[in-house]
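See structure below.
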Amino acid sequence: MSAPRSASRAWTRGCVRYNDGVSDLKGKPLVVAAPARPGSGEKYLTPQGFTAIRDGIKRAAGGAGAAVVAGRLPPWLKARAPTGAGFARVRGLVREHRLATVCEEAKCPNIGECWNAGTATLMLMGSVCTRACRFCSVDTGNPHGWLDPEEPENAARTVELMKLRYVVLTSVDRDDLADGGAAHYAACVRAIKRRSPHTAVEALTPDFQGVRADVETVVDSGIEVFAQNVETVRRLTHPVRDPRAGYEQTLEVLEIAKRRRPEVLTKSSLMLGLGESDAEIDETLADLRTAGVDIVTLGQYLRPTVNHLPVRRFVRPEEFDRYRERSLALGFLECVSGPLVRSSYRAERALQRNNAGLDNRRTG
């Protein structure tokens with residue numbers, strides 16, 4: 001026969017439930033294990049209280065197909081492990097000021113080289129994107145309007161402490177915000193300029209859904225370079241990019257920026273190895289030049305997880321040299337082109353007219 005409910009409740013209150021946390025046992029402190037980090041493609045609850053998907057793509061969405069290119073990476077795609085005093089110092093600053101960096105969130109292979117050189121690409125407005133592009137490993141979710149009001153000053157202090165002469169600011173897409181985060185982005189730029197007026201700022205922005213006023217808010221904030229990545233050729237834009245992104249929309253955003261402030265350099269980036277043809281690459285480069293783009297970067301697409309799109313081919317270093325020559329012939333001020341190049345790679349050296357010091361002959 002079961003005990004009366006009141007007696008049962010009294011007994012329960014006097015005991016430690018199985019799922020209750022305890023700080024000590026018989027006077028000795030207990031060490032409680034931290035929650036397990038969610039696996040790639042799994043949902044989790046962020047510290048801000050909203051749900052996100054680790055690495056951006058659900059496990060079932062893109063993991064069914066095997067990569068066409070299998071086996072070990074070719075030798076020209078080997079990057080050094082991120083170690084060294086410079087790397088540790090930059091990582092410490094990023095942690096101290098609670099900043100997200102695209103270097104970490106997008107699993108950039110150049111993180112060791114860049115951080116040891118004392119540079120970093122800061123990612124604004126958190127580390128959860130409202131979009132789910134199938135090439136990108138940034139977490140995806142709906143932040144429901146959350147923003148860190150301290151971020152502008154935190155970013156400015158970090159740039160000042162790092163003594164940067166050139167900084168790249170990028171961000172996740174924030175379709176949950178009325179202006180796509182343009183005002184917050186501009187506030188970060190202005191805060192950096194107040195503390196470090198001689199630091200050049202490159203803004204690698206979302207597309208703000210093509211809204212002219214929002215693009216102009218960032219362009220007018222005091223930046224030297226405005227970047228919006230087309231990512232891939234027209235035919236592959238979908239499924240490579242989120243449905244809310246678009247080939248023509250990116251071209252329009254770049255045109256808006258150039259018309260608003262012609263003295264601001266405009267920039268875009270193209271990933272190779274997703275199945276595009278040489279003719280399609282040429283078409284994309286021509287479209288970018290027509291939009292007034294000054295600088296373009298070309299790099300190899302690398303599959304961040306098995307849930308993302310597969311690599312269709314590995315582009316050889318000498319091919320990247322040929323694509324650079326084609327780009328310069330179209331009138332770009334510079335084309336930084338190489339297997340490990342990313343949109344912000346050696347960004348401060350882009351106008352040295354020497355492929356940012358990159359020699360592809362040594363990587364082949």
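The values are calculated or read from the model by the stated rules, or taken from the named source; none is laboratory data. Nothing here was measured: the structure is a model prediction, and the numbers come from that model. Don't worry about glycine lacking a Cβ; one is built from the backbone with ideal geometry, like all the others, and counts go over all protein chains shown. Protein only, heavy atoms only, side chains kept; ligands, DNA and RNA dropped before computing areas. Shrake-Rupley method; radii C 1.70, N 1.55, O 1.52, S 1.80 Å.
Note down all Cβ pairs under 8 Å where the first residue falls in the stretch 324-342 and is in contact (Cβ under 8 Å) with a residue 12 or more places away in the chain and part of a helix (DSSP H, G or I), the second is open to solvent by less than 40 Å² (accessible area, probe 1.4 Å) and of a type in the set (Ser, Thr, Tyr), and they're at least six residues apart or on different chains.
So the pair list comes out as ARG324/SER337; SER327/SER337.
So, GLY145, is that one in a loop (DSSP other than H, G, I, E, B), touching a residue at least 12 places away in the same chain (Cβ under 8 Å), buried (at least 22 other Cβ atoms within 10 Å of the Cβ) and more than 15 Å from the chain's Cα centre (by Cα) or not?
no
Check ARG165, ARG244 and return the single one that is within 23 Å of GLU104 (Cβ to Cβ) and of a type in the set (D, E, K, R).
ARG165
If I ask for residues that are surrounded by fewer than 23 Cβ atoms within 10 Å (Cβ to Cβ) and touching a Leu at 6+ places or on another chain (Cβ under 9 Å), which ones from the stretch 230-239 would you list?
Matches in the stretch 230-239: LEU236, PRO239.
Those residues that are among the charged types (D, E, K, R) and farther than 14 Å from GLY210 by Cα, I need them from the stretch 225-257; list them, please.
GLU231, ARG234, ARG235, ARG241, ASP242
Restricting to the stretch 259-280, give me the number of residues that are crowded, with 19+ Cβ neighbours inside 10 Å and of a type in the set (Lys, Arg).
So the count comes out to 1.
ALA64 is checked against (1) open to solvent by 30 Å² or more (accessible area, probe 1.4 Å); (2) over 22 Å from ASN307 (Cβ atoms); (3) modelled with pLDDT under 75 and fails just one. What number does that condition carry?
(2)
Could you identify the single residue in GLY222, GLY210 that is closer than 17 Å to ALA291 by Cβ and surrounded by fewer than 23 Cβ atoms within 10 Å (Cβ to Cβ)?
GLY210
Let me confirm something: among ALA182, ALA155, ALA203, which residue is under 17 Å from ALA347 (Cα atoms), small (Gly, Ala, Ser) and under 18 Å from the mean Cα position of the chain (by Cα)?
Exactly one residue qualifies, and that residue is ALA203.
Of the conditions (1) touching a residue at least 40 places away in the same chain (Cβ under 8 Å); (2) closer than 21 Å to VAL215 by Cα, ALA191 satisfies every one except a single condition; which number is it?
Of everything listed in (1) touching a residue at least 40 places away in the same chain (Cβ under 8 Å); (2) closer than 21 Å to VAL215 by Cα, ALA191 misses just condition (1).
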